[in-house]
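For reference, the structure discussed in these notes is given below.
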Amino acid sequence: MALVNVMEMTVKEKLEEILKNENCCKCERCIEDMTALALNKLPTKYVSTHNGKLFSKLNSLVRQNGVDINIAVAEAISCVSKHPSHD
Ligand SMILES: [Zn+2]
């Protein structure tokens, strides 16, 4: 059985997209912290990868909620870049 959190994939994509224009630390550790922070604010959307139809439907559903995801990701970036978990 293979389960994928569609929200996690979407957040990672968004994060990458937004970070291109951000002048902050982009190390693995910070990106992981940002991903975790953003995901904790968003609902999880699990799908089985066996069900391709459901997968693409959920993927587009998640994208329609783009505004909330953008806000959660932007907040996570500003929070982690102000208080990185390393020196
Ligand atoms: Zn860092």
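Taking amide H positions as placed in the peptide plane 1.01 Å from N, state which residues far from Lys45 in sequence (5 or more) or on other chains have amide H under 5 Å from it.
HN-HN under 5 Å from Lys45: Val6, Met7, Glu8.
Accessible area of Asp33, 1.4 Å probe, to the nearest 10 Å²?
50 Å²
If you put +1 on each Lys and Arg Cβ and -1 on each Asp and Glu Cβ, how big is the dipole of the chain around its Cα centre, in Debye rounded to 20?
Numbers: 11 positive and 11 negative charges, 79 e Å.
Dipole of the chain, to the nearest 20 debye: 380 debye.
When ligands, DNA and RNA are left out and all protein chains stay put, how many square angstrom of accessible area per residue does the chain have with a 1.4 Å probe?
67 Å²
Tell me which lysines have Cα within less than 23 Å of Lys41's Cα, excluding those fewer than 8 residues away on the same chain?
Of all the lysines, those that pass the test against Lys41 - Cα under 23 Å, at least 8 places apart if same chain - are Lys12, Lys14, Lys20, Lys26, Lys57, Lys82.
In whole percent, what relative contact order does the chain give with Cα contacts below 8 Å and a gap of six or more residues? Don't skip to the answer; put the middle values down first.
Values: 80 pairs, mean separation 39.8, N = 87.
With pairs under 8 Å counted, the relative contact order is 46 percent.
Would you mind counting up the charge near Lys14? Only other residues with Cβ under 13 Å from its Cβ, with Lys and Arg at +1 and Asp and Glu at -1. Could you put the intermediate results ahead of the total?
Values: positive: Lys12, Lys20, Lys41, Arg63; negative: Glu8, Glu13, Glu16, Glu17, Glu22, Asp68, Glu75.
Net local charge, Lys14 excluded: -3.
Leaving out ligands, DNA and RNA but keeping every protein chain, what accessible area does Ser48 have, in Å² rounded to the nearest 10, with a 1.4 Å probe?
Roll a 1.4 Å probe over it and Ser48 shows about 30 Å².
Report, in deg cm²/dmol and to the nearest 500, the calculated mean residue ellipticity at 222 nm for the chain, where each DSSP H run with n ≥ 4 adds -39500 (n - 2.57) and the sum is divided by the residue count.
Values: 4 runs with 57 residues, N = 87.
Dividing the helical sum by the residues of the chain leaves -21000 deg cm²/dmol.
Once both axes come from the Cα atoms, what is the angle between helix 66-82 and the longest principal axis of the chain, in degrees from 0 to 90, rounded to 10?
Helix 66-82 and the main axis of the chain meet at about 30 degrees.
At a probe radius of 1.4 Å, what is the per-residue accessible area of Lys57, in Å² to the nearest 10?
Estimated to the nearest 10 Å², Lys57 gives 140 Å².
The values are calculated or read from the model by the stated rules, or taken from the named source; none is laboratory data. Here the structure is a predicted model, which is why all the values come from computation and not from measurement. Methodologically, a virtual Cβ is constructed for each residue, glycine included, from the backbone with ideal geometry; neighbour enumeration extends over all protein chains shown. For accessibility, only protein heavy atoms count, side chains too; no ligands or nucleic acids. Shrake-Rupley method; radii C 1.70, N 1.55, O 1.52, S 1.80 Å.
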